[in-house]
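**Student:** Please read through the structure below; I'll follow up with questions.
The values are calculated or read from the model by the stated rules, or taken from the named source; none is laboratory data. None of the values given here were measured: they were computed from a predicted structure. Glycine gets a Cβ as well: all are built from the backbone with ideal geometry, and neighbour counts include every protein chain shown.
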Amino acid sequence: MLKINTMSITPGSENNNDILKFNAELDQISSITDYSYSLNELVTIDKSDMSLEEIRTLYFDKAKWFINRQIQLLPNNFRPLVFFRVRAGIKTTEDLTRIKTFSYPDPKYCTSNGRANIKSQPVFYCSLDATTAVKESRFNTGEDYYLGVWSIDFNDVISCAPIIPFDLHENHPLKSLVIDENRVIHAFTKEGLNNGEKLELLYNILSWQFISETDPYPLTSFLSDEILFKQHIADCLYYPSYQFEQKNVNFAFRPDFVDKYFRLNKVYKYQIESFDGVNIRCGVFAYGIVENDKIIWNNINETEGKVFADFLKLKVDS
């Protein structure tokens, strides 16, 4: 379970302009039923061949308001955490001793949208759970993959955009984050926001798109680009994992944040030997450790094989 403590966020006088603008936009829509219909159109209209600007125009025509929520995470929330990232399809021309090889991809390799990036704009995808990172990599058996183990060295607050649906099951491990989102909406209401129900509907429908939208991810890639780059609302966003029954969380970080504050601790070379839809069997062959900003590779040994197996909680052959 992801447990985080957030700095107190209470809408006050500094938010009044946003509250007034939000009401002015959503007051144009007479009822929650009409707004629900408008948002359903936004989701169901085929956007696969639309340009980014066309999607942006459609979005503001139907949604009226952007989901500019962020929370500030304290340094002690991130420093103890371990982040896992999988690299696949590494080219023979890439240098396996470079840390950069296992970080976010070069823009020239970003030839299509991802769930949290537009094409040609890389982000650093990662997860707090190694098994989630492996499953999200859409693996093929018999191919080489690399699992990077990363940490953050940062002493300031980190701005994050949570993309978590409100109507998750009560026992869902991310439910505590949903409660925080509801708290913010209710605080807005106390400040005179009379469209809180519409705000909750907007946030909920768009959050579910991060779980359900399929390739080429026209809406979620647009939203992510606005959050991370165009408006720079946050340095990262996080959303439930599609590949892991939405029970774990994925992160997408801005590249400049990764360059400054992420540290690669270790990387493992492995292959997927079999997958029956539930259980994965892996073979792990080598591990790399970082010395003087270079990765030194070693053949896998019993100790590192066990560490890898413990990370993934899977059957592993070494």
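**Student:** Go through segment 260-292 and report how many residues are at pLDDT below 95 and acidic (Asp, Glu).
**Tutor:** Count: 2.
**Student:** Shifting gears a bit: Here are some residues: 123, 82. Which one is outside the structural domain of residue 311 (by TED's automatic domain parsing) and touching a Leu at 6+ places or on another chain (Cβ under 8 Å)?
**Tutor:** Matching residue, one of 123, 82: 82.
**Student:** Further question: Where the second residue is of a type in the set (Ser, Thr, Tyr) and assigned to a helix (DSSP H, G or I) and the first is touching a residue at least 40 places away in the same chain (Cβ under 8 Å) and more than 15 Å from residue 51 (Cα to Cα) and lies in segment 216-241, which pairs have Cβ atoms under 8 Å and are six or more apart or on separate chains?
**Tutor:** Between residues of segment 216-241 that are touching a residue at least 40 places away in the same chain (Cβ under 8 Å) and more than 15 Å from residue 51 (Cα to Cα) and residues that are of a type in the set (Ser, Thr, Tyr) and assigned to a helix (DSSP H, G or I), the close pairs are 237/224; 239/207; 241/132.
**Student:** Restricting to segment 47-62, and then to whatever is assigned to a helix (DSSP H, G or I) and of a type in the set (A, V, I, L, M), can you tell me which residue is farthest from residue 215 (Cα to Cα)?
**Tutor:** Ranking the qualifying residues of segment 47-62, first place goes to 58.
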